[in-house]
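Colleague: First the structure, then my questions, so here it is.
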Amino acid sequence: MGYSTKIEKDIRDHLDMKWSDFQDRYRRIASKLESGMRLHEKDVETIFQALAEGPLGYEIEQLNTQQNYADYALIDRGLKLAIIEIKSFRLFANDIECPHLQSALVQAARYANRHRTPYIMAFDGETIVLARVDPSNIINVHLAVNIKCDQAPPDLFFFTHYGLFRHPTNVLCAIPYDASEDEGLYKNHHGVKLHYSCFAYVGDIRDKSTWIAPYRNEDGSVDTNRIGHAVNYLLSPGGYRGQKATSQRIPNAATPFVALKLAKAYKEIGKWNKPESLFGFGGKPDPQCLLWTYLYQHGLDDAV
């Protein structure tokens, strides 16, 4: 069999080498069925961990559990590779069009949206599925692999860290998905439902109290009234209506990123200009002037 790179060969060799040990563990877990016992979701999690840390070659620290409500998030050096949804044993019935599988993928897509990653997987202890959330509100299913076999399935390569971004582009089936239906991604602010991306700072996407300083409208356009308020809250000595960002609300390390986000919004509406003088003349600085000064002092004015 030909391989495109040495890395691919090494990974496929690793899959083959670790497969026998994985199958031994799989059979021990599945043997509960022979005793008349049921396999629960926790058992499927154990199978997935054995698969991921064994043949697929993920390190234990790359398997993050219960990240923003997902069963697993595959994370490498902070880069979120994929979200995995675990379901009860054989729930998918080895059927790509099984309603339970499609429901699991929609659920995974909601979690993936919160993690801002397009790749999702679903696993029922016997079938592992790889899909990608398309921006056009479609979940494209690319692979479905049955792991109950004596030899490592060749397509498992595409579930590895290296193979994930090299998966076949053919689509086995497409599932409609609308991210706007996920209430977890929206916060009511003065009677208006705003997406988390409408806020200048999001500390923890699971905790809406950390979504701070709205600066965009419901439709995603820049809110020309609120953007100045957001700048004053972030940088003005007097804050906005007496309220000023603290390091507990917006960490100091995050301030440059928040400032850049607001500056790019000003540029988006054609109001990003170098002021004639820093801090103005004896009056309260204009928010855009204050923002430009902050970025200039930190050497970030050219990053807008």
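Conditions (1) over 30 Å from residue 197 (Cα atoms); (2) in the same structural domain as residue 134 (by TED's automatic domain parsing); (3) free of Cβ contacts under 8 Å to residues at least 24 places away in the same chain; (4) outside any strand (DSSP E or B), marked per residue:
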position	(1), (2), (3), (4)
20	yes, yes, yes, yes
25	yes, yes, no, yes
49	yes, yes, yes, yes
58	yes, yes, no, yes
64	no, yes, yes, no
89	yes, yes, no, yes
102	no, yes, no, yes
112	no, yes, no, yes
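Colleague: Pull up the range 204-254, narrow it to residues that are of a type in the set (Val, Ile, Thr) and within 22 Å of the chain's Cα centre (by Cα), then point me to the one that is surrounded by the fewest Cβ atoms within 10 Å (Cβ to Cβ). Don't jump to the end; show me each part of the working.
Modeller: Of the range 204-254, the ones of a type in the set (Val, Ile, Thr) are 205, 210, 212, 222, 224, 227, 231, 246, 250.
From the residues that got through so far, the ones that are within 22 Å of the chain's Cα centre (by Cα) too are 205, 210, 212, 250.
On the way: 205: 17, 210: 15, 212: 17, 250: 21.
Out of the qualifying residues, it is 210.
Colleague: Out of all the residues in the range 107-118, is one or more in contact with a Phe, Trp or Tyr (Cβ under 6 Å, 6 or more places away or on another chain) and modelled with pLDDT of 95 or more?
Modeller: Checked against the condition, which is being in contact with a Phe, Trp or Tyr (Cβ under 6 Å, 6 or more places away or on another chain) and modelled with pLDDT of 95 or more, the range 107-118 yields no hits at all.
Colleague: Among the residues in the range 84-92, are any surrounded by fewer than 18 Cβ atoms within 10 Å (Cβ to Cβ), within 20 Å of residue 167 (Cα to Cα) and under 14 Å from the mean Cα position of the chain (by Cα)?
Modeller: We begin by selecting, within the range 84-92, every residue surrounded by fewer than 18 Cβ atoms within 10 Å (Cβ to Cβ); these are 88, 90.
Cutting the leftovers down to within 20 Å of residue 167 (Cα to Cα) gives us none.
Within the range 84-92, none of the residues are surrounded by fewer than 18 Cβ atoms within 10 Å (Cβ to Cβ), within 20 Å of residue 167 (Cα to Cα) and under 14 Å from the mean Cα position of the chain (by Cα).
Colleague: A follow-up question, please. Here is a list: 303, 245, 263. Which entry is touching a Ser or Thr at 6+ places or on another chain (Cβ under 9 Å) and among the small types (Gly, Ala, Ser)?
Modeller: Values: 303 fails: touching a Ser or Thr at 6+ places or on another chain (Cβ under 9 Å); 263 fails: touching a Ser or Thr at 6+ places or on another chain (Cβ under 9 Å).
Just one listed residue meets the conditions, 245.
Colleague: Looking at the range 239-262 only, could you name the residues that are of a type in the set (Gly, Ala, Ser) and in a helix (DSSP H, G or I)?
Modeller: Here is the first cut: in the range 239-262, the ones of a type in the set (Gly, Ala, Ser) are 239, 242, 245, 247, 253-254, 259.
Matches in the range 239-262: 253, 254, 259.
Colleague: So which of 196, 177, 162 is surrounded by fewer than 18 Cβ atoms within 10 Å (Cβ to Cβ), aromatic (Phe, Trp, Tyr) and in contact with a strand residue (DSSP E or B) (Cβ under 6 Å, 6 or more places away or on another chain)? I'd like the intermediate steps shown before the answer.
Modeller: Details: 177 fails: surrounded by fewer than 18 Cβ atoms within 10 Å (Cβ to Cβ); 162 fails: in contact with a strand residue (DSSP E or B) (Cβ under 6 Å, 6 or more places away or on another chain).
Answer to the selection: 196.
Colleague: Something else now. What is the number of the single condition among (1) among the small types (Gly, Ala, Ser); (2) at pLDDT 85 or above; (3) touching an Asp or Glu at 6+ places or on another chain (Cβ under 9 Å); (4) surrounded by 22 or more Cβ atoms within 10 Å (Cβ to Cβ) that residue 70 does not meet?
Modeller: For residue 70, the exception is condition (2).
Colleague: Would a scan of the range 185-201 turn up a residue that is modelled with pLDDT under 95, β-branched (Val, Ile, Thr) and in contact with a Phe, Trp or Tyr (Cβ under 9 Å, 6 or more places away or on another chain)?
Modeller: no
Colleague: Moving on. Can you name every one of the strands (runs of 3 or more DSSP E) wholly within the range 190-238 that holds 2 or more residues which are out of contact with any Gly (no Cβ under 8 Å at 6 or more places or on another chain), without any contact (Cβ under 8 Å) to a residue 40 or more places away in the chain and more than 17 Å from residue 256 (Cα to Cα)? Full working, then the answer.
Modeller: Values: elements: 192-195, 199-202, 211-214.
So the answer is 192-195.
Colleague: Filter the range 118-155 down to residues that are surrounded by fewer than 20 Cβ atoms within 10 Å (Cβ to Cβ) and of a type in the set (Ser, Thr, Tyr), then give me how many there are.
Modeller: 1
The values are calculated or read from the model by the stated rules, or taken from the named source; none is laboratory data. On a predicted model such as this, the values are computed, not experimentally measured, just so you know. A quick note on method: Cβ atoms are made from the backbone with ideal geometry, for glycine too, and the neighbour counts reach across all protein chains shown.
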